[in-house]
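*Asks:* Below are the structure tokens for one structure; questions will follow.
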Amino acid sequence: MPEMIAIYDAAGNEIGSQDRAVVYATGLWHAAAGVLVRSLDGSRIYVHRRTDTKAVFAGMHDCLAGGVLDPGEDPADAAARELSEELGITAEVPLQPLATVSWDGEWAGKPMRCHLFAYEYRSDGPLRHQATEIADGWWWTDAELRAHLTDPAWPFVPDTRVLVPHLLR
């Protein structure tokens with residue numbers, strides 16, 4: 001059964017919907033929203049490894065809980081939905097917008113084009129991983145994540161990588 005997601009033009013305007021498989025196979029512009037979970041005191045961020053069964057970026061590390069936007073969905077609403085689904089956190093205060101960027105990249109030899117909306121939420125947990133999305137997770141300082149990102153062989157989600165300058169202190 002097709003999973004319909006919002007599709008966008010290169011300028012960032014929603015223009016319709018398409019099956020996720022078609023979007024990934026043909027490199028259509030789409031949008032994703034993600035949440036950086038920072039500890040209440042601001043000293044740590046939650047980093048996780050994606051499951052090996054994910055359709056894109058399988059087994060790679062990320063510091064955003066997130067996913068693609070449904071047709072007509074507001075990015076902040078999508079981010080809150082993904083935070084709840086992936087980490088079991090229900091946002092009790094509004095998410096804080098961090099950045100919006102566009103990524104025109106490649107995945108598995110095919111174009112991958114996405115408008116990315118990043119938010120921050122402060123929490124010390126508890127966190128509950130969605131088993132089909134997240135294999136493992138841990139708390140790191142910004143410096144620890146930066147150190148890992150200096151290794152080009154460390155598998156980190158490429159679209160989040162373009163957001164890192166806007167996310168870390």
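The values are calculated or read from the model by the stated rules, or taken from the named source; none is laboratory data. Keep in mind that what you see is a predicted model, and the values were worked out from it rather than measured. A quick note on method: Cβ atoms are made from the backbone with ideal geometry, for glycine too, and the neighbour counts reach across all protein chains shown. The protein model used for the area step is the full one, side chains on, heavy atoms only, and it has no ligands, DNA or RNA in it. Shrake-Rupley method; radii C 1.70, N 1.55, O 1.52, S 1.80 Å.
*Asks:* Look at ALA33 and say whether it is without any contact (Cβ under 8 Å) to a residue 12 or more places away in the chain and under 24 Å from PHE156 (Cα atoms).
*Replies:* No; evaluated as a whole, the condition is false for this residue.
*Asks:* Moving on to the next point. If the Cβ limit is 7 Å and pairs must be 6+ apart or interchain, which residue in segment 1-23 that is open to solvent by less than 50 Å² (accessible area, probe 1.4 Å) pairs with which residue that is among the aromatic types (Phe, Trp, Tyr)?
*Replies:* ILE7/TRP29; TYR8/TRP29; ASP9/TRP29
*Asks:* Just checking, which of ARG161, ARG81, ARG169 is open to solvent by 50 Å² or more (accessible area, probe 1.4 Å) and closer than 25 Å to THR26 by Cβ? Full working, then the answer.
*Replies:* Details: ARG81 fails: closer than 25 Å to THR26 by Cβ; ARG169 fails: closer than 25 Å to THR26 by Cβ.
One residue alone meets the criteria, ARG161.
*Asks:* State which residue is farthest from ALA91 (Cα to Cα) when the search covers only segment 126-150 and only residues that are part of a loop (DSSP other than H, G, I, E, B) and open to solvent by less than 70 Å² (accessible area, probe 1.4 Å).
*Replies:* THR141
*Asks:* Oh, and also: Quickly run through segment 43-65 and pick out the residues that are open to solvent by 20 Å² or more (accessible area, probe 1.4 Å) and under 11 Å from the mean Cα position of the chain (by Cα).
*Replies:* ARG50, HIS61 - these are the residues of segment 43-65 that are open to solvent by 20 Å² or more (accessible area, probe 1.4 Å) and under 11 Å from the mean Cα position of the chain (by Cα).
*Asks:* Filter segment 95-125 down to residues that are at pLDDT 95 or above and assigned to a loop (DSSP other than H, G, I, E, B) and give me whichever is nearest to GLY66 (Cα to Cα).
*Replies:* LEU95
*Asks:* Quick one: is ASP74 of a type in the set (D, E, K, R), surrounded by fewer than 17 Cβ atoms within 10 Å (Cβ to Cβ) and modelled with pLDDT of 95 or more?
*Replies:* Judged against the criteria, ASP74 is a match.
*Asks:* Still on this structure, I have one more. Restricting the first residue to segment 55-78 and requiring it to be at positive phi, which pairs with a second residue that is of a type in the set (Lys, Arg) and part of a strand (DSSP E or B) meet a Cβ separation below 7 Å and a spacing of at least six or different chains?
*Replies:* These pairs meet every condition: PHE57/ARG50; GLY59/ARG49; GLY59/ARG50.
*Asks:* Applying the selection to segment 154-169, what residues are of a type in the set (A, V, I, L, M) and part of a loop (DSSP other than H, G, I, E, B)?
*Replies:* VAL157, LEU168
*Asks:* Here is a further query. Sort out which residues of segment 70-85 are within 19 Å of LEU167 (Cβ to Cβ) and either in contact with a Lys or Arg (Cβ under 9 Å, 6 or more places away or on another chain) or not acidic (Asp, Glu) (or both), and write them in order of number.
*Replies:* PRO75, ALA76, ALA78, ALA79, ALA80, LEU83 - these are the residues of segment 70-85 that are within 19 Å of LEU167 (Cβ to Cβ) and either in contact with a Lys or Arg (Cβ under 9 Å, 6 or more places away or on another chain) or not acidic (Asp, Glu) (or both).
*Asks:* So which residues in segment 70-109 are β-branched (Val, Ile, Thr) and farther than 22 Å from SER17 by Cβ?
*Replies:* Selection gives ILE89, THR90, VAL93, VAL101.
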